[in-house]
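The values are calculated or read from the model by the stated rules, or taken from the named source; none is laboratory data. If you're wondering where the values come from, they're calculated on a predicted model, not measured in any experiment. For neighbour counting, all protein chains shown are included, and Cβ atoms are generated from backbone atoms with ideal geometry for every residue, glycine included. We work out accessible area using only protein heavy atoms, side chains counted, and drop any ligands, DNA or RNA first. Shrake-Rupley method; radii C 1.70, N 1.55, O 1.52, S 1.80 Å.
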Amino acid sequence: SSFSDDPLRVLRGIRLVTTLGYHLEDQTLQLMRQAVEKVSQVAPERVRTELALIFSSAQGHYGLKLLFTPGLIETIFGPSPFGLNLTPGLVETVNLENGLVRLSQEDTSGGIGNLFAAEFEDGFSRVGFLKLCAFLRGYQPQDLEALSNKQLRLSRSNARSLACLYQLEPDLLLSLTTLPDRQRSRALWAEGLGPSPVDCLLFLGALVHPGKVKVELLAQVLADYLSLSAQGRIPDLLDGRQVAKLLVIPPGPMLGAALENVRQQEILGQISTDKDARNLLLKWANKNVDKGQGPPYNPDLN
């Protein structure tokens, strides 16, 4: 009655097999299958802890195969358009694992490999969390938001990162090859990927077709972002208060559009100093004023 007494032991058994290199006896597996339906009664936090250890294991793909015990995978992740077919999720996970190994081996600076050791919330390693995201991209759960917030009870930051990584397209990384050779251009571009730029870069770098983007360039972008980032953000050439004073506008969509305009032009290499940013905004304001759409501005700040 071990599994029916505590259904979490179904997942714990899979976790032990995955992390310790054991194999399940047929009788044990049969008893686990009989308790699958009761896993839904286990607290989400306990389920998440076991999943974090499974995905963070170097043999995580073996544990994923065991998760496809009839009924278990749907109990944890909800229905998938592929039914019980594990191939899409498993392929995405293995591709990511191989890609991360490739990045670490080809990066002569050693910076990428060091990032893999970062501690994460919810019991995941960074690699384990990226593998979870890759698996879900292949599995395609019916309701990703409910899965993150209710079934797994992910932290707010991990839920945001998962939602972002889930929809990233690997070829987005090709834009790096067109950026000007400037540290801030690369760092600002990386910041625009999502709430966790480092994870986005590693995720895309692992999944993009080898040869399309050089690992040296990816390592440089990561280094640039980490070097310039202050509390998770690249400081603007002009902050919101300065722009609001220059253009005489209150906080709101217009101010946001002005700040975004400056950042995009800096990414493209069109501006590089705060003076450039001021001149850009004044021209932008004049152009919109001529159209009857823009704000007044303070000429004393030019």
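Determine if the range 111-121 includes at least one residue that is under 20 Å from L53 (Cβ atoms) and either at pLDDT 95 or above or open to solvent by less than 30 Å² (accessible area, probe 1.4 Å) (or both).
no
Where residues in the range 240-270 are over 29 Å from the mean Cα position of the chain (by Cα) and open to solvent by less than 60 Å² (accessible area, probe 1.4 Å), which of them is modelled with the lowest pLDDT?
Only one residue tops the list, namely I249.
Checking G232 against (1) touching a Cys at 6+ places or on another chain (Cβ under 9 Å); (2) exposed (fewer than 15 other Cβ atoms within 10 Å of the Cβ), only one condition comes out false. Which one?
(1) is the only condition that G232 fails.
Tell me which residues, restricted to the range 1-11, are out of contact with any Lys or Arg (no Cβ under 6 Å at 6 or more places or on another chain) and buried (at least 17 other Cβ atoms within 10 Å of the Cβ).
Scanning the range 1-11 gives R9, V10, L11.
Could you please give the count of residues in the range 262-279 that are in a helix (DSSP H, G or I) and out of contact with any Phe, Trp or Tyr (no Cβ under 6 Å at 6 or more places or on another chain)?
Summing the residues that are in a helix (DSSP H, G or I) and out of contact with any Phe, Trp or Tyr (no Cβ under 6 Å at 6 or more places or on another chain) in the range 262-279 gives 11.
In the range 177-186, is there at least one residue being open to solvent by 30 Å² or more (accessible area, probe 1.4 Å), under 23 Å from F82 (Cβ atoms), modelled with pLDDT of 95 or more and part of a helix (DSSP H, G or I)?
No; the residues of the range 177-186 include none that is open to solvent by 30 Å² or more (accessible area, probe 1.4 Å), under 23 Å from F82 (Cβ atoms), modelled with pLDDT of 95 or more and part of a helix (DSSP H, G or I).
Answer yes or no as to whether T75 is at pLDDT below 95, polar (S, T, N, Q), touching a Lys or Arg at 6+ places or on another chain (Cβ under 6 Å) and buried (at least 17 other Cβ atoms within 10 Å of the Cβ).
When the stated conditions are applied, T75 does not pass them.
Given the criteria touching a Pro at 6+ places or on another chain (Cβ under 6 Å) and modelled with pLDDT of 95 or more, does R160 qualify?
yes
Name the single residue, out of those in the range 74-86 being assigned to a helix (DSSP H, G or I), in contact (Cβ under 8 Å) with a residue 12 or more places away in the chain and not aromatic (F, W, Y), that is nearest to I54 (Cα to Cα). Full working, then the answer.
We begin by selecting, within the range 74-86, every residue assigned to a helix (DSSP H, G or I); these are 74-77.
Subsequent filtering for residues that are in contact (Cβ under 8 Å) with a residue 12 or more places away in the chain retains 75-77.
Subsequent filtering for residues that are not aromatic (F, W, Y) retains 75-76.
Working: T75: 16, I76: 13 Å.
The qualifying residue nearest to I54 (Cα to Cα) is I76.
Which is at pLDDT 90 or above, more than 23 Å from C200 (Cα to Cα) and among the small types (G, A, S), of S56, S80, S104, S4?
Among S56, S80, S104, S4, only S4 is at pLDDT 90 or above, more than 23 Å from C200 (Cα to Cα) and among the small types (G, A, S).
Among the residues of the range 85-115, count how many are farther than 16 Å from L136 by Cβ, in contact with a Gly (Cβ under 6 Å, 6 or more places away or on another chain) and among the small types (G, A, S).
Final tally of qualifying residues: 1.
One residue is enough: does the range 36-51 have a residue meeting the conditions over 21 Å from P141 (Cα atoms), of a type outside the set (V, I, T) and part of a helix (DSSP H, G or I)?
Restricting attention to the range 36-51, the residues satisfying the condition of being over 21 Å from P141 (Cα atoms) are none.
No, there is no match, as no residue in the range 36-51 is over 21 Å from P141 (Cα atoms), of a type outside the set (V, I, T) and part of a helix (DSSP H, G or I).
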